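Take a look at the structure below.
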Amino acid sequence: MNEKLKWVLNQHYLGKDNVNQVTDLLSHFTLEQVRKVGQFQCTYEKFEKTPLHYLESLASFIGVEKILIKDESSRFGLNAFKVLGGVYAIAQYVAKKLNKNIEELSFEQLKSPTIKEQLGELTFISTTDGNHGRGVAWAARELGFQARIYMPAGSAKERLQNIKNEGAYAEITSMNYDDTVRYTSQLAQKNGWVLVQDTMWNGYEEIPLWIMQGYTTLIQEIVEQIQQAPTHVFLQAGVGSFAAAVVAFLTQYYEHDITFVLVEPHVANCYYESFKAGTNEFVSVGGDMQTIMAGLACGEPNPQAWQLLKAYTKVSISCEEEVAATGMRILGNPLNTDARIVAGESGAAPFGCFYEIMTNGRHGQLKDTLQLDSDARVLLVNTEGDTDKENYRQIVWHGKYATL
C-alpha cells in the first residue's frame, strides 16, 4: 500500500523577500494586469462571481482559525474554472489578429459577424483531461469558430460528451496526457490550427501565458471577497499553470508571507519529484498516470509555472487516491450550517490533503513545518464540481476509494 501522503520541502524556496528574482514573470500578474483580465471577462453577459465559503464549523472541528473555499463549480455554467483561461487566451489571440488591445474589445464585440469576416475560419485545438478542453470548445463556439479537442487514454466518457456538446470535434487517444499534448501540437502545425495549451516550450510561450492570466479573475474575486488575508494556500498542480498564477498574484498582493503548498496524485507527481531532486531543472514523470484526479494527471511541469512555483512554494505533497476521495465526501457532507460543496476529484484533492494533515497524528512533522495551528487561515479552491457524475456517485455514495 502506498503512503497516503509524501511530502518534501522546496530547497529553492525564496520567499517574499526575494520577490525580484523572477520579476519578468511576476510583472504579468500584478494587480493592474489582473484587473485588465477581469475587465474583459466581465463583458460576458452571463458573467457572475463564484462564491467564497467560510467553513466555520469545520475550522473549529479541525483546529484552525478559518477554512475558506472558493467554489468554481458554477463558473460560466461549465462546472469548472478552466474556461477562464481558455476564453481569455482565445480572445487575446483574436485581438492580436485584429491589431487591437484586449481592453478595447468586449466579449460581445468579438462575437460580431464583422470580426468573423475579418478573420475567416479559425480552428482551435487542445489537449485536455476534460475541463480545459470544454472551456476551449465553449469559447470557440461562442465566438463562431471551430474546436478540436483530444483527451488522454482513460478519460471519462462523460467529459468527452460534455466537450462534444459544446460543438467541438473530440476524441480519446491511446496516449497519456503529455504525449497527447505533443500529438495535438503536431496536428496544429500540420493543419494551420491554433494550439491553446496551458503549458509552454521554446517558441510557444504567448498563449500559455494568456491562459495563466485568464485564471487570475478568480484570484481577484477572492481578494475582494475575503475578510482577512490567508496564512496558507493549498493548490492543486497539474502542469502547474493555475497554481503559479495564484502564487504570482498573491505573493505581490499581500505584504506578509503566505505558505503555499502544492498537491498532486502519486502517479503524476512531477513537482514533488522535482523538489525532491533539488536541482534547478524540473523532473518529468511518465507512464499511464491513471488517477481519479484526472485534471492533475500531468507528468511534465509548465516551465513558466516551474520558475514561479520553485521560488515561492514551500512544500510539495504527493497523495493517494483515497485522500482526494475523503475530501470529496467531507465537503459534500458539511457540519452544521457550513455550505455544502460538490467537489470533483481534482477539486477536492488539496482539501483532502489538508484534512489528512490535521487529523492524522502520523503527519505531525508536516503539520509543525507548515505551522498549521489555531491561527491558520487556510484558503483552497474547488476547481471543479462533479464533472464525471457517475464517478462522483461511486466515490461519495458507495465509498469507491474508502479503502485500498
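The numbers here are math on the coordinates, done by the rules we state, and not lab data. Quick caveat: nothing in here was measured; it's all calculated off a predicted structure. Positions of Cβ are backbone-derived with ideal geometry, glycine not excepted, and every protein chain shown enters the neighbour counts.
Which angle between 0 and 90 degrees, to the nearest 10, do you get for helix 206-225 versus the longest principal axis of the chain when only C-alpha atoms count? Between helix and principal axis, roughly 50 degrees. I need the shape label for segment 194-305. Rule: rounded when a/c is under 1.5, else prolate if a/b > b/c, else oblate, with a, b, c from the alpha carbon gyration tensor. Prolate shape, in that a/c is at least 1.5 and a/b is the bigger ratio. In terms of distances greater than 22 angstrom between alpha carbons, the cross-link table entries Lys6/Lys157; Lys82/Lys116; Lys46/Lys111; Lys82/Lys314 yield Lys6/Lys157; Lys82/Lys116; Lys82/Lys314.
Placing +1 on each Lys and Arg Cβ and -1 on each Asp and Glu Cβ, with no other charges, gives segment 9-110 a dipole about its Cα centre of roughly 260 debye.
Neighbour counting of Cβ atoms within 10 Å sorts the residues Arg134, Arg377, Arg75, fewest neighbours leading, into Arg377, Arg75, Arg134. For the Cα atoms of the chain, what angle does the longest principal axis make with the long axis of helix 177-191, in degrees from 0 to 90, nearest 10? Tilt of helix 177-191: around 10 degrees.
Relative to the longest principal axis of the C-alpha atoms of the chain, give the angle of the C-alpha long axis of helix 321-332, reported between 0 and 90° and rounded to the nearest 10°. Taking the Cα atoms of the chain, the angle to 321-332 is about 90 degrees.
For segment 250-404, a simple Cβ point-charge model (Lys and Arg +1, Asp and Glu -1, everything else neutral) yields a dipole of about 220 debye relative to the Cα centre.
For segment 248-298, the set of GluC sites (Glu not before Pro) satisfying both a DSSP loop assignment and a count of at most 14 other C-beta atoms within 10 Å is given as Glu255, Glu281. For segment 69-126 versus segment 340-386, the spacing of their alpha-carbon centroids is 33 Å. Just to confirm the filter: which trypsin sites (Lys or Arg not before Pro) across segment 297-367 are DSSP coil and have at most 14 other Cβ within 10 angstrom of their Cβ? Those that pass, being in a loop and sparsely packed, are Arg340. Each Lys and Arg adds +1 at its Cβ and each Asp and Glu adds -1 at its Cβ; summed about the Cα centre, segment 83-207 shows a dipole of about 300 debye. Per the Debye calculation on segment 83-207 with a single equal scatterer at every Cα and no solvent contribution, log₁₀ I(q)/I(0) for q = 0.13, 0.19 Å⁻¹ amounts to -0.49, -1.01.
In summary, the aspartates and glutamates within cross-link reach of Lys276, defined as a Cα separation below 14 angstrom excluding same-chain residues under 8 places away, comprise Glu264.
Note on segment 144-186: Rg/Rh from C-alpha atoms, Kirkwood Rh, equals 0.98. As a proxy for reagent exposure, Cys270, Cys353, Cys42 were ordered by neighbouring Cβ count within 10 angstrom, fewest first; the result is Cys42, Cys270, Cys353.
In plain terms, the residue of Glu224, Glu65, Glu72 with the fewest other Cβ atoms within 10 Å comes first and the most crowded comes last, giving Glu224, Glu65, Glu72. Shape descriptor for segment 245-404: Rg over Rh equals 0.96 (Cα atoms; Rh from the Kirkwood inverse mean 1/r). Specify the inter-centroid distance of segment 197-254 and segment 265-330, based on alpha-carbon positions, in whole Å. Centre-to-centre distance over Cα atoms comes out at 16 Å. Comparing Phe249, Asn191, Phe76 along the charge dipole axis of the chain, the residue lying farthest to the positive side is Asn191, per the Cβ-charge model. Near the amide H of His53, within less than 5 Å, lie the amide hydrogens of Ile69, Lys70, Asp71, all on another chain or at least 5 residues away, with H placed in the peptide plane. Taking the chain as a Gaussian network of alpha-carbon nodes connected by springs under 10 Å, the highest mean-square fluctuation of the residues Glu264, Glu300, Glu45 belongs to Glu45.
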